[in-house]
Amino acid sequence: MFLAIDTSAGTSVAIVDALGVVHAECDSADTRKHAEVVGDFIYTCLAEAGLAVADLTGVVAGMGPGPFTGLRVGIVAARAFAFGAGLPLYPVVTHDAIALGETGPTLIATDARRKEFYWSTYTGMDDAGLPIRDAGPALSPAAELPTHVPNYDHYALREAAIVHAANLARLAHILKANGREFAGEEALYLRSPDISLSAGPKRVTA
């Protein structure tokens with residue numbers, strides 16, 4: 001039984017068993033209140049599913065791509081919950097979860113703001129039912145997507161405004177059952193944070 005958390009777009013938390021059955025899910029499309037709602041969503045999902053923390057067998061973290069400020073909230077929440085509960089953490093690429101179930105060539109595009117898209121392309125799925133990613137994740141201006149994506153016309157475009165944590169959990173269950181590798185430890189920001197440290201001490205003038 002996996003608890004999955006994703007804040008790459010809005011905020012989504014879900015509890016899903018190894019058969020892919022969703023026992024509880026909470027979603028918000030708000031892209032600014034991840035930190036305010038993620039804790040309540042975890043509590044609500046456990047309560048709605050009638051489960052204790054001890055009933056869970058793992059925590060799934062959506063690693064992006066996503067904006068720096070929002071994405072890190074979900075990753076930190078997943079890592080903290082996993083650590084506190086003594087559970088393994090399973091990081092997954094968010095676009096792979098969105099592409100789950102797509103049988104043909106598919107272009108997944110999610111809003112990166114600033115008139116840009118995060119994108120990944122997939123050729124279909126393998127024998128285990130896992131999506132086969134052939135390019136991405138990458139970041140491109142929305143208007144230039146057709147020229148930035150190799151063989152753009154070959155893919156069916158799927159723009160995803162909402163990322164459902166239930167799909168992350170389903171993906172993680174399939175990866176684990178088939179002995180496949182999970183995503184890396186690093187978040188897929190694909191863009192530098194808006195705030196950076198200054199190069200030196202600030203000058204004070206009279």
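Okay, which of the stretch 106-135 sit inside 19 Å, backbone N to the point 7 Å along the Cα-Cβ direction of Arg180? Label zone hits: 106-109, 119-135. Take the Cα of Ile162, step 7 Å toward its Cβ, do the same at Phe68, and the gap between the two points is 2.9 nm.
For the chain, excluding the exposed loop sites themselves (trypsin sites (Lys or Arg not before Pro), DSSP loop, at most 16 other Cβ atoms within 10 Å), the longest remaining stretch covers 34-113. Given their separation in residues at 0.36 nm each and the Cα-Cα distance between them, Lys33 and His154 gain 39.9 nm when the chain is fully extended.
The value of relative contact order for the chain, using C-alpha pairs under 8 Å at least six residues apart, is 25 percent. Only DSSP H runs of four or more residues enter the estimate; each adds -39500 (n - 2.57), and after division by the residues of the chain the mean residue ellipticity at 222 nm equals -8500 deg cm²/dmol. Does the stretch 47-143 come out rounded, prolate or oblate by the C-alpha gyration tensor, with a ≥ b ≥ c the root eigenvalues, rounded set by a/c under 1.5 and, if not, prolate when a/b is larger than b/c and oblate if not? Verdict is oblate for the stretch 47-143.
Please report, to one decimal in angstroms, the Kirkwood hydrodynamic radius of the stretch 135-193 built from all distinct Cα-Cα pairs. Before the final figure, lay out the partial values.
Values: mean 1/r = 0.0692 Å⁻¹.
For the stretch 135-193, the Kirkwood estimate is 14.4 Å.
Share of antiparallel DSSP beta bridges in the stretch 2-177, in percent to the nearest 5?
Working: 26 of 38 bridges.
Here the antiparallel bridges make up roughly 70 percent for the stretch 2-177.
Per residue and in Å³, how big is the convex hull formed by the alpha-carbon atoms of the stretch 97-158?
69 Å³
Spin-label pair Arg113-Asp55: with each label point 7 Å from Cα along the Cα-Cβ axis, the two points sit 3.6 nm from one another.
Which of (i) 1.02; (ii) 1.07; (iii) 1.18 is the computed Cα Rg over 2.2 N^0.38 Å for the structure on display? Of the labelled values, this structure produces (ii). Remark: spin-label model distance Arg79-Asp40 equals 2.6 nm, labels positioned 7 Å along the Cα→Cβ axis.
What is the stretch 1-103 by shape, rounded, prolate or oblate, if you read a ≥ b ≥ c off the alpha carbon gyration tensor as root eigenvalues and call it rounded for a/c under 1.5, prolate for a/b larger than b/c, and oblate otherwise?
On the way: a/c = 1.44, a/b = 1.17, b/c = 1.22.
Rounded, because the longest to shortest axis ratio a/c is under 1.5.
A short reminder: the numbers here are calculations on the coordinates, not readings from a lab. Computed from a predicted structure; not experimentally measured. A quick note on method: Cβ atoms are made from the backbone with ideal geometry, for glycine too, and the neighbour counts reach across all protein chains shown.
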